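> One structure, pasted below without further comment.
The values are calculated or read from the model by the stated rules, or taken from the named source; none is laboratory data. Just so it is clear, the model here is predicted, and its values are computed rather than measured. Using ideal geometry, Cβ is built from the backbone for each residue, glycine included, and neighbour counts are taken over all protein chains shown. When the accessible area is computed, the model is the full protein with side chains, heavy atoms only, and any ligands, DNA or RNA have been set aside. Shrake-Rupley method; radii C 1.70, N 1.55, O 1.52, S 1.80 Å.
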Amino acid sequence: MKKSNGKNVVEWPRGRLDFSAGCVVMGVLNVTPDSFSDGGQFFDTDKAIEHGIQMAADGAAIIDVGAESTRPSAEPVSVDEQIRRVIPVIEALCKRIKVLISIDTNRSEVAEAALEAGAAMINDITALSDERMGVLAAEQQVPVVLMHMQGTPATMQIEPKYKDVVTEVRQFLVKRTKRAEQFDIPKERIFIDPGIGFGKTLKHNILLLRNIDKFVAAGCRVLVGASRKSFIGKITNRENPADRIFGTAASVALCVAAGVSIVRVHDVAEMIDVAKVANAIISAG
Ligand code: HH2
């Protein structure tokens, strides 16, 4: 069992994350009609705000607000529409709760509007493929999540192929970390993410999670988003994503044990308990 790298507290002008108790929980807030597990549930602005407040009360350290589903075959959402969906939610949450807000987008225009509305972190599933995203994160001095994906959401699950998935994904993330550093984003504000379910088969996902300690050893803090994903459904034979909570718990406990810093989950109250117990056990050793 390993502990995460780096200092226990990461601070930047508009926020801080405290890892002294171990791994922290990021709650998912999809302001979408079509997300794979909670599509439509929080599409309404008031319902989204209520859910964000609940996740904060449940103990989330970060709330990740997104306006575009990335499930295979999801329709792309325009910049204007993403902004229309997320900004009122971010503004209201920033007024009502202290928890950090992260913006889940690969469009720098959306990220910029979200930061202006009070978001404090960028979650980019394309790992700075839009160069302006790197410039923005550096200028605004906010942390950024760099995620690996093979292909695009439209194509990613059509026969994903790797010679050695762990090495290839890790090398990609190391390269993107260097690129982020070239934008002047310091390493302590970079989180890397293997992108569970993004252009990966069941076996690829399992291998990435089995070897997640190799990502932790790569030098940046690691975020993992395995929550309710289809590989858990395949292993447990559970078609409905809402029935994948115990499967998610197994992945969270093992991620904590391997030194992952942030788990991105839908079921915050449940995964807070899982993370607390796993954190307590690893910090004893
Ligand atoms: N997974 C999803 C979306 N964003 N961001 C990071 N960094 N890592 C992930 O694994 C990740 C992510 C997909 O999950 P969800 O948001 O629940 O679904 P959808 O894309 O259908 O809205």
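> Select, from 176, 170, the only residue that is touching a helix residue (DSSP H, G or I) at 6+ places or on another chain (Cβ under 8 Å) and charged (D, E, K, R).
On the way: 176 fails: touching a helix residue (DSSP H, G or I) at 6+ places or on another chain (Cβ under 8 Å).
Sole residue among the options that is touching a helix residue (DSSP H, G or I) at 6+ places or on another chain (Cβ under 8 Å) and charged (D, E, K, R): 170.
> (1) in contact with a Pro (Cβ under 9 Å, 6 or more places away or on another chain); (2) within 15 Å of the ligand (Cβ to nearest atom): which one isn't true of residue 166, the others all being true?
(2)
> Looking at (1) open to solvent by less than 40 Å² (accessible area, probe 1.4 Å); (2) within 18 Å of residue 194 (Cα to Cα), which is the one condition that is false for residue 108?
Looking at each condition in turn, residue 108 falls short on (2).
> What residue, among those in the range 264-285 that are under 16 Å from the mean Cα position of the chain (by Cα) and of a type in the set (A, V, I, L, M, F, W, C), is surrounded by the fewest Cβ atoms within 10 Å (Cβ to Cβ)? Reasoning before the result, please.
At the first step, the residues of the range 264-285 found to be under 16 Å from the mean Cα position of the chain (by Cα) are 264-268, 271-272, 275.
Among the residues that remain, those that are also of a type in the set (A, V, I, L, M, F, W, C) are: 265, 268, 271-272, 275.
Details: 265: 29, 268: 23, 271: 29, 272: 21, 275: 27.
Checking each candidate, the answer is 272.
> Of all residues in the range 138-160, which are open to solvent by less than 50 Å² (accessible area, probe 1.4 Å) and either within 13 Å of the ligand (Cβ to nearest atom) or under 16 Å from residue 224 (Cα atoms) (or both)?
Of everything in the range 138-160, those that are open to solvent by less than 50 Å² (accessible area, probe 1.4 Å) and either within 13 Å of the ligand (Cβ to nearest atom) or under 16 Å from residue 224 (Cα atoms) (or both) turn out to be 143, 144, 145, 146, 147, 148, 149, 153, 156.
> Let me ask another. Of the conditions (1) closer than 21 Å to residue 165 by Cα; (2) open to solvent by 10 Å² or more (accessible area, probe 1.4 Å), residue 257 fails just one. Which one is it?
(1)
> Now a separate question. Looking at (1) surrounded by fewer than 17 Cβ atoms within 10 Å (Cβ to Cβ); (2) within 16 Å of the ligand (Cβ to nearest atom); (3) under 20 Å from residue 63 (Cα atoms), can you tell me which one residue 225 breaks?
The one condition residue 225 does not meet is (1).
> In the range 24-68, what count of residues is obtained for those that are in contact (Cβ under 8 Å) with a residue 60 or more places away in the chain, more than 8 Å from the ligand (Cβ to nearest atom), among the small types (Gly, Ala, Ser) and open to solvent by 10 Å² or more (accessible area, probe 1.4 Å)?
2
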